[in-house]
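What follows draws every value from the coordinates through simple rules; no lab data is involved. Quick caveat: nothing in here was measured; it's all calculated off a predicted structure. Neighbour counts are summed over all protein chains in view; Cβ atoms, including those assigned to glycine, are modelled from backbone coordinates with ideal geometry.
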Amino acid sequence: MKFYYSPASPFVRKCMLVAHERDLTSKLELVTVSTTVVAPDPKLAEVNPLKRIPALVTDDGALLVDSRVICAYLDALHDGKRLIPRSGPKRFEVMTLEAIADGIADSAVNNRYETALRPAEKQWKEWSDGQMGKITSALDYLESQGTRSLGREPHLGSLALGSALGYLDFRYPDWNWRRGRPKLKRWFEKLCERPSFMATDPNKN
Ligand code: BEZ
């Protein structure tokens, strides 16, 4: 399988975390791309009409986008415990946590584009503040829920959240998402000890 990839992307990292947690990395041929909306990578544009990462081309030549589809596909390839529960209320709890985590990552990536790529005179402060406000309220919500539902063993929701928090550390090191959120802070510290998190740390890749 060809996996179109940049280690900085939290959505890519989520897929890589699934691959590491379920011993699938040897099945992935990594194709590194450097792509933005204004300068799409031609290698990526050839296979993904949306010109976005992550994208996966299976051994049968099928295109899979986006990260949720790719993670669900990878999760169906192994014989271990499923990262997305097959049924029951836990299935939708995990999927919702993944969606909230992806929303945090979405706002963080969009705001990164706004502040790092857009010319200073065109930047829109209220829009940036709105994106960071979404991240703040999502993190406050998760802190208020406690970390019990994040589980002892990782599932796709906790991997997605770990990836989003790692991206905040990577691109917003001075923002200090940990302040006032001791439960998330403790939970994340433990998660970062996992080999899958160490192998995919964007600061080291
Ligand atoms: C980043 O450099 O922050 C980034 C790169 C690719 C996708 C998303 C974010």
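Here are a few things to note about the model shown:
- Overall shape of the chain was characterised from the C-alpha gyration tensor. The equivalent ellipsoid obtained from it has semi-axes of 25, 24, 14 Å, in decreasing order.
- Screening the chain for whole DSSP H helices of 18 Å or more along their axis (Cα) with average Kyte-Doolittle hydropathy at least 0.0 returns 156-171.
- Approximating the spin labels as points 7 Å out from Cα along Cα→Cβ, the residue 127-to-residue 77 distance works out to 3.6 nm.
- Remark: for residue pairs 81/183; 14/204; 27/190; 2/27; 27/51; 27/90, the C-alpha separation exceeds 20 Å in 81/183; 27/190; 27/51; 27/90.
- Percent RCO, i.e. relative contact order, over the range 1-160, from Cα pairs under 8 Å lying at least 6 residues apart: 23
- Net charge, residue 142 excluded, C-beta distance under 11 Å - Lys, Arg +1, Asp, Glu -1: 0
- Of all aspartates and glutamates in the structure, those lying under 12 Å Cα to Cα from residue 125, and not within fewer than 8 positions of it along the same chain, are 114.
- Within the chain, antiparallel bridges make up roughly 55 percent of the DSSP beta bridges whose residues both belong there.
- Gain on full extension, evaluated as 0.36 nm per residue between residue 198 and residue 145 minus their Cα-Cα distance, stands at 16.4 nm.
- Dipole magnitude of the chain, debye to nearest 20 (Cβ charges: Lys/Arg +1, Asp/Glu -1, about Cα centre): 520
- For the chain, the 222 nm mean residue ellipticity estimated from helices alone, with every DSSP H stretch of n ≥ 4 adding -39500 (n - 2.57) and the total spread over all residues, rounds to -16000 deg cm²/dmol.
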